[in-house]
Amino acid sequence: MIRLSILCIVFTMAVYLDCTAQIPLVPYDSLVVSQNGIPLSNPWAGGLNSPQFSEIDLNNDGFKDLVAFERNFFGSVKTFINQGISGQSGYVHAPEYQTIFPKMSNWMLLRDYNCDGREDIFTSVPGGIAVYRNDVAPDGSIRFTRISNLLQTIDLSGNTIPLYVPVSDIPAIADIGGDGALDILSFNLIGNAVEYHRNKSIDLNGHCDELLFEIESACWGYFSEANNNNTLTLFDTCSGNMAANSNRQRHPGSTLLALDLYGNGLKDLLLSDINFNQVVRLSNSGSAAEASMTEQFTGFPENSNPVDITVFPAAYHLDVDNDGLEDLLFAPNNPNTSENHNNVWFYKNEGTASLPEFVFQQTDFLLDGMIDLGERSFPAFVDTDGDGLLDIVAGSYGYFESAGTYSSRLMLLQNAGTPDKPAFEIVSDDYARLSVYGFQGVYPCFGDIDGDGDMDMLVGDEEGRLHLFTNQAGPGEPADFVLTHPNYFDIDVGQSAKPQLVDVNDNGLPDLLIGERSGAIRFFENVGTVTKAVFNQQATHTNFGNINVLPDGFTGYSAPFLTTDSLGKPILYVGSEQGYLYLYNNIQNNLGGSFNLVDSLYLHGVNITPNGADISNDGKMELVYGQFAGGISLLKSGSPFFYHLEESLSTVGKMKLYPNPASDVLTVEVPESMRNGTISINIMTVQGLTIHEQTLIVRDQLIKLNLDNMMPGLYIIFLEGQSRPYFQKFLKR
């Protein structure tokens, strides 16, 4: 690929150029997916299980965009651009902005601590809170700078200690005291009361751009929490507003949201606990100097459908419909035992800013525009209806039904497009009626097991076993999968069998590669015939390629996809629990040896499960992948992600653009060496997402490009032809 080789040269020559990955794949969010004939707004966004919502202007257009941080130890970020329609909620998945966020875990809230109008990051670290400041990079984009590894506070004895927040909790970060500085409320370390960490920045220095905390109250609001339920005791002095009784242990997790519900300038609380489905409202009748919670109500909001999310709902206060009033979103704060679909509840503020009235709207905010299979999705390309177009069959660990109970089934996305322009329609969420078998986890792969010319289906499950569904239809007919061999050849890989049927040893027979929970890949050679596959119970290689994606102290959840490169040589993609997609080569004639790790790509998700095919008929592979949050995402061939391109321009080639900044039309002055020839034009974001591609024959000196459909922001344009490539940046107003 010419462009890739050129960019690799650029990376070598530019000292300050940072390339995060060189697997040449970029998001492919533009491919249409419909349900009941209606296109989904964000089909490939990847799903949401335990999202934590915050607002920030990502593209400098004056509208607050939406960031969803997916709670997990390997926490991930999804970014959505606000379409800016007054009175309407409309967000478009914009994965190019996800790369600006640092790696985080457990919880993240965006709050403006230094009063510059730009939201900063507060996030969990062992023992407390880290803070990243939102800075303006030289190119105008956002750059987060870590300014605190562990926030400090002064305790009631005058000692400086870490500002503690349990990793299971979400603190309230708001101006509690009414002085303009951000304060923090959090449950204390060994009790059941809330500590008020007051920010003394304005008191001490007269400005709000520092984080100088002091515990002003160890029992803020004078309430305490019961030992084994979500009952609260009001008017609890907590031993004279000192530390709460250390003999009483609170629940293992709570979330707090501080907001003014009554227009009196005082912060009330919305509180939830890890073992309960409801949200408790606490009303503050005290003062700014001394809060006092005098009323509690379980089942908020009482004037509308109360929140009822299994389990541990957390509240987020933000304007999601552009009417100038802050609404409420609720989502579970536990990624393992909570609702994993239809789990983002939206309450619109139909009152005023000072006297809000929150009215229930829907349980599937954002999710109604996504492909969502609950948890740990696993997609595969296959032609299910014999029309010659590749469809997508996706399984998953399942849809949450109750604690420990999931409904595992297959979703069929039928390709209703053309050979050159695929488009998918969700036609079934229980394809082949797999739900009747009660498997825990269904992870499908396809291959011709019996040599009759059609694709059979092999399904892995969470218990590490395989089940063969033989296709009873003939070649070219809609598939008819029938379970013929449960516990296929008694193969058992332990847990979470993620299979692929593929000819590994190039002998014309479909072999088996299986990923599993421990992070290794197992290779089972087919020792049968074309008409009857036979596999030994024990793997031919238990650690295929000496690959293991298991990080120290965790699980790996490997998911293999073996294919070939443009030269026909085998390459192996491997998904992992941590969110990385790994690429290996040195496979041919080396099945018993160690493969070579070419590179990796971080995909801003967890439990990545890849599968690929050329669905656009352009000779290039598209890669579909599932993830823990239950959605599926799509990648296509494209330039690697990159930053700081300015340093490399002089080493490659500069071209003239005007006007720059541009509003509607950008004029490109074609370098003389490219005139009277065929060139390709590519426009991408600074994060590496290609948004425009075209090829044309150039006969004139000038090319005019229409920018009407582009969002404001910084972009890079490059030209390729027979001569060297040319790059330049431009700003769209």
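The values are calculated or read from the model by the stated rules, or taken from the named source; none is laboratory data. This structure is a prediction, so every number in the text was calculated from the model and none was measured. In this analysis, Cβ positions are derived from the backbone assuming ideal geometry, glycine residues included, and neighbour counts consider all displayed protein chains. Keep in mind that these areas ignore ligands, DNA and RNA; they rest on the heavy atoms of the full protein, side chains included. Shrake-Rupley method; radii C 1.70, N 1.55, O 1.52, S 1.80 Å.
What lysines does residue 704 reach when the alpha-carbon gap must be under 24 Å and sequence neighbours fewer than 8 apart in one chain are set aside?
Reachable lysines: 654, 656, 729, 732.
Determine the gain in length on full extension of the stretch residue 262-residue 325; use 0.36 nm per residue of separation and subtract their C-alpha separation, reporting nm with one decimal.
21.2 nm
Rounded to the nearest Å, what's the spacing between the alpha carbon centres of the range 184-211 and the range 488-567? Just the number, please.
With the range 184-211 and the range 488-567 each reduced to a Cα centre, they are spaced 53 Å.
How much net charge surrounds residue 460 when only other residues with a Cβ under 10 Å from its Cβ are counted (Lys, Arg +1; Asp, Glu -1)?
-2
Between residue 484 and residue 405, take the C-beta separation as r, use R0 = 45 Å, and let me know the FRET efficiency to the nearest 0.05.
Approximately 0.95, to the nearest 0.05.
Summing -39500 (n - 2.57) over the DSSP H runs of n ≥ 4 in the chain and dividing by its residue number, what mean residue ellipticity at 222 nm do you reach, to the nearest 500 deg cm²/dmol?
Helices in the chain give a 222 nm mean residue ellipticity of -1000 deg cm²/dmol.
Give the lysines reachable from residue 348 as a straight Cα distance under 27 Å; neighbours fewer than 8 places away on the same chain don't count.
64, 78, 267
Hey, got a sec? Which trypsin sites (Lys or Arg not before Pro) in the range 514-616 land in a DSSP loop and have at most 14 other Cβ atoms within 10 Å?
Of the trypsin sites (Lys or Arg not before Pro), the ones in loops of the range 514-616 whose Cβ has at most 14 other Cβ atoms within 10 Å are 532.
Sorted by average packing, counted as other Cβ atoms within 10 angstrom per residue and highest first, what order do 487-500, 326-339 take?
326-339, 487-500
Using the alpha-carbon atoms, what tilt in degrees (0 to 90, nearest 10) does helix 2-13 show relative to the longest principal axis of the chain?
Long axis of 2-13 versus the principal axis of the chain: about 50 degrees.
Residue 110: net charge of surrounding residues, Cβ under 12 Å, Lys/Arg +1, Asp/Glu -1, itself excluded?
-2
According to the square roots a ≥ b ≥ c of the eigenvalues of the Cα gyration tensor, what is the shape class of the range 266-376, taking rounded for a/c under 1.5, prolate for a/b larger than b/c otherwise, and oblate for the remainder?
Judged from the Cα gyration tensor, the range 266-376 comes out oblate (a/c at least 1.5, b/c at or above a/b).
According to a simple spin-label model (label point 7 Å from Cα along Cα-to-Cβ), what is the distance in nm between residue 694 and residue 150?
About 5.6 nm separates the two model spin labels.
Give the shape of the range 324-436 as rounded, prolate or oblate, defined through the alpha-carbon gyration tensor: a ≥ b ≥ c are the square roots of its eigenvalues, a/c under 1.5 means rounded, and otherwise the shape is prolate if a/b is larger than b/c and oblate if not.
Oblate shape, in that a/c is at least 1.5 and b/c is the bigger or equal ratio.
Tell me the carbon and sulfur percent of the accessible area for the range 109-187, rounded to whole percent, probe radius 1.4 Å.
52
Rounded if a/c is under 1.5, else prolate if a/b is larger than b/c, else oblate: which is the range 532-598, with a ≥ b ≥ c the root eigenvalues of its Cα gyration tensor?
Judged from the Cα gyration tensor, the range 532-598 comes out oblate (a/c at least 1.5, b/c at or above a/b).
In whole Å, what is the distance between the alpha-carbon centres of the range 692-732 and the range 356-395?
35
In terms of Cα to Cα distance under 26 Å, which lysines are near enough to residue 620, apart from those fewer than 8 places away along the same chain?
421, 498, 569, 636
Over the chain, with the other protein chains present, what is the accessible area per residue in square angstrom, probe 1.4 angstrom?
38
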